[in-house]
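Q: Okay, handing you the structure first.
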Amino acid sequence: MRILITGCKGQLGLELIRQLNLSKGVYELIETDIHNLDITDQSAVLCLIDAVKPDAIINCAAYTNVDNCETDEANAFLVNAIGARNLSVAAFKVGAKILQISTDYVFKGEGNIPKKEYDAISPINCYGRSKAMGERLIRETNPRHFIVRTAWLYGQGKNFVRTMLELAKQRDEISVVNDQFGTPTSTVDLARCITELLSTEGYGTYHATCEGECSWHDFAVKIFELSGMNIRVNGITSEQLIRPAQRPKYAVLDNFMLKVCGLNTFRYWEESLEEYINIKSNVQI
Ligand SMILES: NC(=O)c1ccc[n+]([C@@H]2O[C@H](COP(=O)([O-])OP(=O)(O)OC[C@H]3O[C@@H](n4cnc5c(N)ncnc54)[C@H](OP(=O)(O)O)[C@@H]3O)[C@@H](O)[C@H]2O)c1
């Protein structure tokens, strides 16, 4: 299977490539990042995909800085919506599947019941709106699509776990928001799910996060506990932490469609985090 991956230097792109390369001979990978394929450039996208004729495209490229999206709306939509559409149209032209990564931030985040795929979306920040538009444009342009919504990702690269561990080198006390809930998700678990989904014809929308839920405060406490660090974590409210973009309060996703299809292989978030921290203490990731 020939797979073209965008955003290869990002957290998820790196892990997907690592895992797909383990199955020697099964996948032929075309690895792209912004330097050799800017997904906002439609003619470049059409030209490369027509030349390569992949069987599938996995779009890991995105404008992921949630706060910057607020003041840079046009570029957020250019990458997260138009870029996704460009790939989807190009995939359609060569008969390829398209797998798009989306986000829990398409939801408003009210209540305390995990969101299923059929629940209505209503994003409250620009990042969420741009990703929601990306979902829509893909649905409208290529029936052979998988929309995979995930959340609170960590892997190789910049993420919350790394930020906490870096901060702990400088301080013995940290303040973290305790009124936003979600599910920390390892790129290892997500890449495994994506690879499995891609081999099927089960097109549609899927929620794909680790199991369980916690607040950012609980997440930080667990990171330090598993790392054997004695750091005091103070809980603060979202209102106390002034940020440009509003965040959903309760963005927990239920992997309902994966469960229905017998494809839910996600571990509980604490288990995946423990593996990540153990590996991180041995190698620099
Ligand atoms: N991180 C999370 O917590 C989270 C949560 C929910 C959903 N997601 C979604 O999961 C996916 C993967 O996230 P991630 O954490 O792996 O993101 P990431 O580490 O920020 O990687 C995104 C990659 O896309 C590249 N990119 C940006 N604009 C591009 C363009 N115009 N053309 C080509 N590449 C471009 C970035 O390059 P530069 O670094 O050079 O800009 C970066 O390498 C994204 O769709 C994201 O929206 C992430």
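Q: With GLU201, GLU211 as the choices, which residue is surrounded by fewer than 17 Cβ atoms within 10 Å (Cβ to Cβ), at pLDDT 95 or above, out of contact with any Gly (no Cβ under 7 Å at 6 or more places or on another chain) and not hydrophobic (A, V, I, L, M, F, W, C)?
A: Working: GLU211 fails: surrounded by fewer than 17 Cβ atoms within 10 Å (Cβ to Cβ).
Selected residue: GLU201, the only one of GLU201, GLU211 that is surrounded by fewer than 17 Cβ atoms within 10 Å (Cβ to Cβ), at pLDDT 95 or above, out of contact with any Gly (no Cβ under 7 Å at 6 or more places or on another chain) and not hydrophobic (A, V, I, L, M, F, W, C).
Q: Right, next: Quick test of your reading of the structure: LYS158 fulfils all but one of (1) within 25 Å of ASN65 (Cβ to Cβ); (2) buried (at least 18 other Cβ atoms within 10 Å of the Cβ). Name the failing condition by number.
A: For LYS158, the exception is condition (2).
Q: Mind listing just one residue for me: the one in segment 89-113 that is open to solvent by less than 10 Å² (accessible area, probe 1.4 Å) and touching a Phe, Trp or Tyr at 6+ places or on another chain (Cβ under 6 Å) and, of those, farthest from the ligand (Cβ to nearest atom)?
A: Only one residue fits best here, namely GLY109.
Q: I've got another one for you. Mind checking whether some residue in segment 125-137 is open to solvent by 10 Å² or more (accessible area, probe 1.4 Å) and either β-branched (Val, Ile, Thr) or not in a helix (DSSP H, G or I) (or both)?
A: no
Q: Still on this model: Which of the residues that make up segment 20-43 are open to solvent by less than 80 Å² (accessible area, probe 1.4 Å) and within 13 Å of the ligand (Cβ to nearest atom)?
A: THR32, ASP33, LEU37, ASP38, ILE39, THR40, ASP41, GLN42 - these are the residues of segment 20-43 that are open to solvent by less than 80 Å² (accessible area, probe 1.4 Å) and within 13 Å of the ligand (Cβ to nearest atom).
Q: In this structure, does ALA51 turn out to be open to solvent by less than 70 Å² (accessible area, probe 1.4 Å), out of contact with any Asp or Glu (no Cβ under 9 Å at 6 or more places or on another chain) and away from the ligand (no atom under 15 Å from the Cβ)? Even if it seems obvious, please write down each step before you answer.
A: On the way: open to solvent by less than 70 Å² (accessible area, probe 1.4 Å): no; out of contact with any Asp or Glu (no Cβ under 9 Å at 6 or more places or on another chain): yes; away from the ligand (no atom under 15 Å from the Cβ): yes.
Spelling it out, it is not the case that ALA51 is open to solvent by less than 70 Å² (accessible area, probe 1.4 Å), out of contact with any Asp or Glu (no Cβ under 9 Å at 6 or more places or on another chain) and away from the ligand (no atom under 15 Å from the Cβ).
Q: Any residue that is open to solvent by less than 30 Å² (accessible area, probe 1.4 Å), modelled with pLDDT of 95 or more, within 24 Å of ARG267 (Cβ to Cβ) and within 16 Å of the ligand (Cβ to nearest atom) - is there at least one of those in segment 229-240?
A: no
Q: Please specify each residue of segment 181-198 satisfying the condition of being within 13 Å of PHE219 (Cβ to Cβ) and open to solvent by less than 10 Å² (accessible area, probe 1.4 Å). Outline the logic, then answer.
A: Let us first name the residues in segment 181-198 that are within 13 Å of PHE219 (Cβ to Cβ), namely 181-186.
The answer is GLY182, THR183, PRO184, THR185, SER186.
Q: Restricting to segment 200-237, what's the tally of residues that are under 20 Å from LEU153 (Cβ atoms) and not in a loop (DSSP other than H, G, I, E, B)? Can you show your working first?
A: As a first pass, look at segment 200-237 and keep what is under 20 Å from LEU153 (Cβ atoms): 205-224, 226-227.
Subsequent filtering for residues that are not in a loop (DSSP other than H, G, I, E, B) retains 205-207, 211, 214-224, 226-227.
Within segment 200-237, residues that are under 20 Å from LEU153 (Cβ atoms) and not in a loop (DSSP other than H, G, I, E, B) number 17.
Q: Filter segment 214-228 for residues that are open to solvent by 10 Å² or more (accessible area, probe 1.4 Å) and either closer than 24 Å to ASP119 by Cα or of a type in the set (S, T, N, Q) (or both) and give the result.
A: Start the filter on segment 214-228 by keeping residues that are open to solvent by 10 Å² or more (accessible area, probe 1.4 Å), which leaves 216-218, 221-222, 225-228.
Residues satisfying the conditions are TRP216, SER227.
The values are calculated or read from the model by the stated rules, or taken from the named source; none is laboratory data. The model shown is predicted, which means the values in this text are computed figures rather than measured ones. Ideal geometry is used to build each Cβ from the backbone, glycine not excepted, and the neighbour counts take in all protein chains shown. Just the protein is used for accessible areas: all its heavy atoms, side chains included, with ligands, DNA and RNA removed. Shrake-Rupley method; radii C 1.70, N 1.55, O 1.52, S 1.80 Å.
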